[in-house]
Amino acid sequence: MQRPLADAYGRVATDLRVSLTDRCNLRCSYCMPAEGLDWMPHDEVLTDDEVVRLITIGVRRLGVREVRFTGGEPLIRRGLVDIVRRTRALDDGLELSVTTNALGLERNAQALAEAGLDRVNISLDTLDPARFATITRRDRLDDVLRGAKAAHNAGLTPVKINAVLLRGVNDDDACDLLHWSIDHEYELRFIEQMPLDAQHDWHREQMVTADEIFAKLAREFTLTPAREPRGSAPAELFLVDGGPATVGVIASVTRPFCGDCDRVRLTADGQVRNCLFAREESDLRAAMRSDASDDELADRWVAAMARKLPGHGINDPSFLQPDRPMSAIGG
Ligand code: SAM
Ligand code: SF4
């Protein structure tokens, strides 16, 4: 029997973001410090079987219709292809994607497509090698470009590109990124920088806002709304020069879309989070390792979602950043 992952505000979560690791091979400055973080101990990270068991409960019992694998960097999880294959075997109609920095995607794209992955979201903030090295603290731009091309060739389409603009670093790269994305048939989306970095360095004045992004793009492109209303999709989508190319802007801070949120998150160590910004989690790993039945795990999951707050509260004076950084939650 299916039970919805419903909350007290009428929202139902159907989109599950599964973090497969908190580790990463880049060090994006808006995400984590140069020296990395204290990674989760291996025995706290869910095994492949535990991940698949929880996804199965989500899909078979709780109405999950979309699964996105993320991290940390999901491509460094050895079992990724197998986890995708086992998730696909649950249901042909599930929408399956991976959010990745694309390092190593060139090698894995075909195998992921054959395992049943639908598409990838690739994070790329600049096309300038020096700026890329400044932002990610690694000189790997070429690997990302090759990874994106391999994903496109493997049919993991539409390849979506996620870009974060940083003031004084890459904030004049918006138009170049859009020209490049259109030329390669990738779908570009800009994301406002959020207070989820491990260093707690986020400052509102430093954030490049959606309005600023529109102004920059308007210098070279004509943007018209591509869909109304945006529903549960976080990106406001625009036709570029009349279409068919589009560009999205995810204005999580200046235009929150919490009222339409349909997401739920599972961390690599088996905690259900009902919001990126939640300050409370529900420990499914401990329950699972104490022999909880699928029914009991589903009950816990439903209860965790019922406690979801109406909004993330970033704009409230009392806002407190969650203890976990983005890389340990799963973006
Ligand atoms: N490593 C993978 C990647 O970079 O795509 C997946 C995990 S990463 C945490 C997921 C997304 O979160 C990336 O698109 C990244 O740019 C974004 N991100 C990380 N920190 C962020 C922040 N403070 N504000 C906004 N987006 C952030
Ligand atoms: Fe790694 Fe992604 Fe964070 Fe960059 S944004 S450091 S690629 S987890």
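Among the numbered conditions (1) in contact with a Pro (Cβ under 8 Å, 6 or more places away or on another chain); (2) open to solvent by less than 20 Å² (accessible area, probe 1.4 Å), the only one that N162 does not meet is (1). Taking every residue in region 108-121 that is part of a strand (DSSP E or B) and pairing it with any residue that is surrounded by fewer than 22 Cβ atoms within 10 Å (Cβ to Cβ) and among the β-branched types (V, I, T), at least 6 positions away or on another chain, the pairs with Cβ-Cβ distances below 7 Å are R119/T157; N121/T99.
Consider region 1-38 and keep the residues that are assigned to a loop (DSSP other than H, G, I, E, B) and among the acidic types (D, E). The one that is farthest from ligand 2 (Cβ to nearest atom) is D7. Have a look at G147, G155 and point out the one that is in contact (Cβ under 8 Å) with a residue 24 or more places away in the chain and on the phi > 0 side of the Ramachandran plot. Within the list G147, G155, the selection yields G155.
Filtering region 19-36 to residues that are open to solvent by less than 40 Å² (accessible area, probe 1.4 Å), within 10 Å of ligand 1 (Cβ to nearest atom) and farther than 12 Å from A133 by Cα leaves S19, L20, T21, D22, C24, C31, M32. For region 285-331, a residue qualifies if it is of a type in the set (G, A, S) and either closer than 29 Å to C31 by Cβ or touching a residue at least 60 places away in the same chain (Cβ under 8 Å) (or both), and the qualifying residues are A286, A298, A304, A306, G311, G313, S318, S327, A328, G330, G331. Only one entry of A303, A287 meets the criterion of being exposed (fewer than 14 other Cβ atoms within 10 Å of the Cβ) and in a helix (DSSP H, G or I), and that entry is A303. Quick one: count up the residues across region 37-52 that are within 16 Å of ligand 1 (Cβ to nearest atom) and of a type in the set (S, T, N, Q). Number satisfying all stated conditions: 0.
The values are calculated or read from the model by the stated rules, or taken from the named source; none is laboratory data. Given the structure is predicted, the values throughout are model-derived calculations rather than measurements. Every residue, glycine as well, gets a Cβ built from its backbone with ideal geometry; the counts of neighbours run over all protein chains shown. When the accessible area is computed, the model is the full protein with side chains, heavy atoms only, and any ligands, DNA or RNA have been set aside. Shrake-Rupley method; radii C 1.70, N 1.55, O 1.52, S 1.80 Å.
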